[in-house]
Amino acid sequence: EHAKMVKFLKTGKAVILLQGRFAGRKAVIVRVFEEGTRDRPYGHCLVAGLAKYPKKVIRKDSAKKTAKKSRVKCFLKLVNFTHIMPTRYTLDVDFKDVASGGPDALATRDKKVASCKAAKARLEERFKTGKNRWFFTKLRF
Amino acid sequence: MAQKKSGDNINNKLQLVMKSGKYTLGYKTVLRTLRNSKAKLVILANNCPPLRKSEIEYYAMLAKITVHHYHGNNVDLGTACGKYFRVCCLSIIDPGDSDIINATPAGQ
């Protein structure tokens with residue numbers, strides 16, 4: 001008997017949003033709500049994604065230009081699993097302070113803004129290291 | 001000749017699954033079972049639209065679940081399931097008495 005069942009919708013999975021304002025954007029799963037919650041009785045997850053991708057940085061850019069081009073606009077969203085396309089990529093960014101809020105990280109406006117800022121900082125520092133290049137390139141369609 | 005025999009075999013095994021096992025029919029539920037890893041085997045008809053086929057194969061690749069390409073179109077697959085409607089993709093959750101899970105990885 002082979003236990004072939006691999007759950008792949010886990011934290012750290014890179015996904016692409018399929019519906020909504022952020023359709024076509026890449027995001028990372030921050031927290032999974034398998035069974036759903038009382039407000040959302042379906043499987044969904046909290047994702048942190050790129051509302052605005054960082055621009056292409058070239059070698060002859062000055063330090064100031066590089067800093068400006070590496071900026072990222074982040075979004076946090078609770079998405080249904082059916083509105084997500086999982087990919088084979090992962091992004092192991094530590095989203096502890098974003099995820100610790102959990103469902104109420106998005107409850108009030110200022111909590112959401114604070115979590116968003118934390119996520120933005122994390123994503124920006126990851127982009128600057130040059131890893132996970134696929135994640136930070138815009139999906140052309 | 002060997003080809004024909006394995007075609008019959010799959011039909012017989014499917015019949016057994018329909019009788020004794022758990023399964024879901026249809027694209028939406030197939031994706032759902034793939035996502036929560038309840039599926040053990042996914043069967044696609046041969047006239048499944050290529051985008052949908054690729055999508056299901058990709059999900060199955062992530063979940064490490066075998067996909068079987070049925071030698072017949074959705075009408076045939078529906079008949080093989082004993083249903084009077086077309087079935088483009090189906091997912092077997094619990095094979096019951098059938099050994100379809102062990103038999104197909106070789107067949108594909």
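Here's a check for you: in the stretch A:3-19, which residue that is open to solvent by 40 Å² or more (accessible area, probe 1.4 Å) and either more than 9 Å from chain B (Cβ to nearest Cβ) or modelled with pLDDT of 90 or more (or both) is farthest from residue A:134 (Cα to Cα)? If you could, list the steps in order and put the result at the bottom.
Of the residues in the stretch A:3-19, the ones open to solvent by 40 Å² or more (accessible area, probe 1.4 Å) are A:3-7, A:10-11, A:18-19.
Subset that is either more than 9 Å from chain B (Cβ to nearest Cβ) or modelled with pLDDT of 90 or more (or both): A:3, A:10-11, A:18-19.
Numbers: A:3: 31, A:10: 19, A:11: 18, A:18: 18, A:19: 21 Å.
The residue in question is A:3.
Is it true that residue B:39 is buried (at least 16 other Cβ atoms within 10 Å of the Cβ) and in a helix (DSSP H, G or I)? It would help to see each step written out before you state the result.
Values: buried (at least 16 other Cβ atoms within 10 Å of the Cβ): yes; in a helix (DSSP H, G or I): no.
Spelling it out, it is not the case that residue B:39 is buried (at least 16 other Cβ atoms within 10 Å of the Cβ) and in a helix (DSSP H, G or I).
Going by the conditions given, is residue A:75 touching a residue at least 40 places away in the same chain (Cβ under 8 Å), in a loop (DSSP other than H, G, I, E, B) and crowded, with 19+ Cβ neighbours inside 10 Å? Show your work before the answer.
On the way: touching a residue at least 40 places away in the same chain (Cβ under 8 Å): yes; in a loop (DSSP other than H, G, I, E, B): no; crowded, with 19+ Cβ neighbours inside 10 Å: yes.
No: the conditions fail for residue A:75.
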- request: Go through the stretch A:78-107 residue by residue and tally those that are away from chain B (no Cβ under 14 Å) and either at pLDDT below 80 or assigned to a helix (DSSP H, G or I) (or both).
  value: 13
query: Mind checking which pairs have a first residue in the stretch B:26-54 that is touching a residue at least 24 places away in the same chain (Cβ under 8 Å) and a second that is open to solvent by 10 Å² or more (accessible area, probe 1.4 Å) and charged (D, E, K, R), Cβ under 7 Å, 6 or more apart or different chains?
result: B:27/B:52; B:37/A:7; B:44/B:53
message: Considering only residues that are within 14 Å of another protein chain (Cβ to nearest Cβ) and open to solvent by 30 Å² or more (accessible area, probe 1.4 Å), which ones fall in the stretch B:42-65?
response: B:51, B:52, B:54, B:55, B:57, B:58, B:61, B:64
- line: Within the stretch B:85-104, the residues that are farther than 15 Å from residue B:24 by Cα and open to solvent by 60 Å² or more (accessible area, probe 1.4 Å) are B:97, B:99, B:102
- request: Please determine, by comparing only the residues of the stretch A:32-57 that are open to solvent by 90 Å² or more (accessible area, probe 1.4 Å) and part of a loop (DSSP other than H, G, I, E, B), which one is nearest to the other protein chains (Cβ to nearest Cβ).
  value: A:35
- prompt: Here is a list of conditions, (1) among the charged types (D, E, K, R); (2) touching a strand residue (DSSP E or B) at 6+ places or on another chain (Cβ under 9 Å); (3) under 27 Å from residue A:43 (Cα atoms), and residue B:83 meets all of them except one; can you say which number that is?
  reply: (3)
- prompt: Can we say residue B:72 is away from chain A (no Cβ under 12 Å), in contact with a Phe, Trp or Tyr (Cβ under 6 Å, 6 or more places away or on another chain) and surrounded by 16 or more Cβ atoms within 10 Å (Cβ to Cβ)?
  reply: no
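The values are calculated or read from the model by the stated rules, or taken from the named source; none is laboratory data. Everything numeric here is computed off the predicted structure, so don't read it as measured data. Using ideal geometry, Cβ is built from the backbone for each residue, glycine included, and neighbour counts are taken over all protein chains shown. Side chains included, ligands, DNA and RNA excluded: accessible areas come from the protein's heavy atoms. Shrake-Rupley method; radii C 1.70, N 1.55, O 1.52, S 1.80 Å.
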